[in-house]
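Have a look at the structure below before the remarks.
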Amino acid sequence: METPSTVTGPVNLGNPAEFTIRELAELVIGLTGSSSTIVFRPLPQDDPQQRCPDITKARELLDWKPSVSLREGLLATISYFDRVLGSNERGLSVQLAEARK
C-alpha cells in the first residue's frame, strides 16, 4: 500500500467496539461448546482498564473501518481451526452452524 511520505508510524486496524476479556471468554466458550471455566486472577498493575483502539488514522488515511463483528470473526476463526485441526469429533461444525442462526 502506498501512502505519502508524510505518513509515518503504525496505523491501528483494531475494532473500536469495546468488550471485556470476560465477555470475550464467555463468547468463545459459548461458540465452541467448550467445558472450559473462567479463572479470575488479580490484574497486573500496568494492565489497561480500557481496551478501545483509536482507528482515526485508518479511517482518515486508508478510508478503512471494521466490517466484521466480533462474533462473525470468531465464528470464521473457529471454523477455520475446526477444519485445519480436524476437530470434528467434538462436533464444532454442528455447534457453529447453530451459532450462525
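A few notes on this one:
- Summed over all non-identical Cα pairs, the Kirkwood treatment of the stretch 33-90 gives a radius of 15.5 Å.
- For the stretch 1-41, the ratio of Cα radius of gyration to the globular rule of thumb 2.2 N^0.38 Å stands at 1.97.
- Each other residue within a Cβ distance under 14 Å of G9 adds +1 if Lys or Arg and -1 if Asp or Glu, for a net charge of -1.
- Relative contact order of the stretch 1-64, pairs being alpha-carbon contacts under 8 Å that are 6 or more residues apart, as %: 54
- With 0.36 nm allotted per residue and the present C-alpha distance subtracted, the T20-L43 stretch has 7.0 nm of extension available.
- Rg [Å, one decimal], Dmax [Å, integer] - the stretch 1-69, C-alpha atoms: 16.8, 51
Computed from the coordinates by the stated procedures, all read-outs in this text should not be read as laboratory data. These numbers come from a predicted model, not from an experiment. All Cβ positions, even for glycine, are placed from backbone atoms using ideal geometry, and neighbour counts span all protein chains on display.
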